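The values are calculated or read from the model by the stated rules, or taken from the named source; none is laboratory data. Keep in mind that what you see is a predicted model, and the values were worked out from it rather than measured. Using ideal geometry, Cβ is built from the backbone for each residue, glycine included, and neighbour counts are taken over all protein chains shown. The accessibility values were calculated without ligands, DNA or RNA, using every heavy atom of the protein model including side chains. Shrake-Rupley method; radii C 1.70, N 1.55, O 1.52, S 1.80 Å.
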Amino acid sequence: MPRPSKDQYYLNIAKEVAQRSTCFRAKYGAIIVKNDQIISAGYVGAPRGTKDCAERGYCLRDELKIPHGTQYEICRSVHSEANAIINAARAGANVLDGTLYLYAENGKTGERVDAVPCYICKKMLINAGLSKFVGSSHDGSLKLFHVEDWVSEWKQGDILDDKYQYGRDQNIKENLKSAEEVRNNHQDAKEFKSLKEILMEEGKIEDFNGIEQA
């Protein structure tokens, strides 16, 4: 068996981290490496001490048919990249100029999917001062991105112009809207309804006692 490259070695570790995920939709694991040392790790899951999707037995986003990569205010989980950055802060570790490795697979089928940060995590990686991002992909290859290139791209274009977008491959498979469609079709009635109204219409409000409209 050939010796894995250093990038593959770290992604293999991120894959193990991903197995701790509590999200129904996705198993994502992230580690942050600096000076060839792992300084932090994170997986996708609910905030510390709160009830996660695995414990509740269902996913809010699945129930509401929310496309991947959109409307993350309606999600119980914190993404693995964000958790890795948060865990580094809790430990007093400096992530500046580090590399984040991300492994991803479909939480339902176990199939590998393209590991690309969502817009929120991408902004966190930029502001945290990470220098590189290495992600797994559906075909087993690795994708390397330089964070400074993301900054340059967003200076010239907008975030929805990104070539690689989180969840695009899964939205196609599951026949869900893409982020672009959500933007272009903002007349969709659900965009203007509260979570409580949507759940009441779909007959699921009994599972969410106590939710009040803002």
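Any idea of TYR9's accessible area? Nearest 10 Å², probe 1.4 Å.
My reading of the accessible area for TYR9 is about 110 Å².
Which three extents, in whole angstrom, do the alpha-carbon atoms of segment 1-154 cover along their principal axes, largest first?
Extents along the principal axes: 41, 38, 32 Å.
Could you compute the FRET efficiency for GLU16 and ARG48, with r as their C-beta to C-beta distance and R0 at 22 Å, rounded to 0.05?
0.60
If each residue of separation counts as 0.36 nm, what is the full-extension length gain between SER131 and TYR164 once their alpha-carbon separation is subtracted?
10.1 nm
Taking amide H atoms as placed 1.01 Å from N in the peptide plane, list the residues 5 or more away in sequence, or in a different chain, whose amide H sits under 5 Å from that of VAL113.
Amide H to amide H, under 5 Å and 5 or more residues apart or across chains, VAL113 pairs with ALA104, GLU105, ASN106.
Stretched out fully, how many nm does the piece from ARG3 to ASN87 gain, at 0.36 nm a residue minus the Cα gap?
So the extension gain works out to 27.3 nm.
How much FRET efficiency would the formula 1/(1 + (r/R0)^6) give for HIS146 and TYR72, where r is the Cβ-Cβ distance and R0 is 22 Å, rounded to 0.05?
Efficiency computed from Cβ-Cβ geometry: 0.35.
Counting only other residues whose beta carbon sits under 13 Å from that of TYR72, what net charge do I get with K and R as +1, D and E as -1?
Charge balance in the 13 Å sphere: +3.
Could you tally the net charge around GLU153, taking each other residue with its Cβ under 12 Å from the Cβ of GLU153, Lys/Arg +1 and Asp/Glu -1?
-2
With +1 on each Lys and Arg Cβ and -1 on each Asp and Glu Cβ, and nothing else charged, work out how big the dipole of segment 16-152 is about its Cα centre, in Debye to the nearest 20.
Using Cβ point charges on Lys, Arg, Asp and Glu, segment 16-152 gives about 380 debye.
So what's the net charge close to GLY45: Lys and Arg +1, Asp and Glu -1, counting the other residues with Cβ under 13 Å from its Cβ?
Charge balance near GLY45 sits at +4.
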